[in-house]
Amino acid sequence: MIDVQAKFALKADASRYFLGYVWWILEPLLYVGVFYVVFNVILNSRHPDFLTFLMCGKLPFVWFSKSVITGSNAIVSNAGLIGKINVPKTLFPMARIQEGVYKQMAVFALLIAVVVINGYSPSWIWLWLLPVIALNYLMIVACAFVGAVLVCYFRDFSMIISLGMTFLMFTSGIFWDVRTLSDPALTELILNVNPVAFILDAYRQILMGGVAPDLGGMLRYALIFGMLAAGMVFIMRKLSQALALKALTA
C-alpha cells in the first residue's frame, strides 16, 4: 500500500507540470544553483571545488527536509481516506517518504556522476555510502513519525517544523565546512549533537575525502533514531483512533 500510494502520488505530481519527471532532478539542481551563486559568486567562498562540496551537502539535505515536512503533514492531509478505512497511521508518512526515495534515487545518480566528472575516483570507501544512506533514511522515518503525531494534535507544529528545517540548513554545514572551524572542540560538538551535520559530513568524507565515516557516531545515531522510530510506531498504533479523530476534526 505504501509503494502504490507513493507511485500514484508521483504520477499525479508529474502530470501537473510540463517537464514532469524532469523536476525530480531539476528542482534540487535549482536549489544548488541559487546557493552556488550566493555563496561562491557573490560571497566568494574560498572552499576548493565549492560546487561539489555544496552538492554533497545540499542534495541529501533536500531529501531529508522535504521528506520530513511532507511526512509530518501526511496524516492530516489524508483525512478523507482515514474517515473511510482503518489502516495503520504509519502508512501515510511512509508513503510520502517512499515517494521521496524514488526521487532521491535519480538525484544520487546525478550526484555520483558530478563527483566522478570533477575528478574524484571511486574506491571501495564508496561502499560506505550504503550504510550512510540507510542511516539517512532511518533519520527521515523517525523524524517524520514524530512530526506526523505532533501535527495531528497541534497544527502549529507544521510551521515550526518548516522553520526548524531552515535553522538546520544554516547550522549543519551545507555552505560551510564543519571541519575547518578554528576550534576542534566545536567541530566535535556539532558532529555529536547535530545528526544532520554528521550525515552531511559523512557524505563528503566518503565522496570527496576518500575517508570512511565515524563508525562509532553512525552506530550511536542509528541506535537513537532506531529506538525513536520503533517507539513512534508503538505510540501511533496505541493512538490510532485518537490520531484519526484529530485528523477528521481539524
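The values are calculated or read from the model by the stated rules, or taken from the named source; none is laboratory data. This is a predicted model, so every value here is computed, not measured. Please note: Cβ atoms are built from the backbone with ideal geometry, for glycine as well, and neighbour counts cover all protein chains shown. The accessibility values were calculated without ligands, DNA or RNA, using every heavy atom of the protein model including side chains. Shrake-Rupley method; radii C 1.70, N 1.55, O 1.52, S 1.80 Å.
Here are the numbers:
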item	result
Size-normalised alpha-carbon gyration radius of the stretch 205-245, reference 2.2 N^0.38 Å	1.88
Three principal axis lengths of the stretch 31-71 [C-alpha, angstrom, descending]	36, 16, 11
In degrees, nearest ten, helix 50-72 long axis to first principal axis of the chain (Cα)	10 degrees
Compactness relative to 2.2 N^0.38 Å, alpha carbon Rg of the stretch 1-125	1.28
P(r), alpha carbons of the stretch 85-171 - 10 Å bins starting at zero, rounded %	13, 34, 32, 15, 5, 0
Convex hull volume per residue for the chain, taking Cα atoms only, in Å³	136 Å³
Cross-link pairs beyond the 31 Å C-alpha cut-off, checked among 11/238; 58/238; 7/58; 11/58	11/238; 58/238
Order by protection proxy (mean Cβ within 10 Å, highest first), peptides 135-144, 23-32	135-144, 23-32
Gap separating the Cα centres of the stretch 233-248 and the stretch 1-67, nearest whole Å	33 Å
Residue 181 accessible area, 1.4 Å probe, all protein chains in place, Å² to nearest 10	50 Å²
Accessible surface of the stretch 122-250 [probe 1.4 Å, protein heavy atoms]: carbon and sulfur percent	74 percent
Scattering profile of the stretch 29-101 at q = 0.15, 0.17, 0.27 Å⁻¹ [log10 I(q)/I(0), Debye over alpha-carbon scatterers]	-0.62, -0.69, -1.13
Per-residue HN-Hα couplings for the stretch 97-113 [Karplus 6.51, -1.76, 1.60; θ = phi - 60°; Hz; x = Gly/Pro]	5, 4, 4, x, 4, 4, 5, 5, 4, 5, 5, 5, 4, 5, 4, 4, 4
Positive-end residue of 236, 223, 100, charge dipole of the chain with Cβ unit charges	236
The stretch 6-116, relative contact order in percent, only Cα pairs under 8 angstrom and at least six apart counted	37 percent
Relative contact order %, the chain, counting alpha carbon pairs below 8 Å whose residues are six or more apart	29 percent
For the stretch 105-231, average projected area of the Cα convex hull in nm²	8.9 nm²
The stretch 169-199-the stretch 70-149 distance, computed between alpha-carbon centres (Å)	23 Å
Charge sum, other residues only, whose C-beta stays under 15 Å from residue 150's C-beta, Lys/Arg counted +1 and Asp/Glu -1	+2
Computed over the stretch 142-227: relative contact order in percent, which uses C-alpha pairs under 8 Å that are six or more apart	21 percent
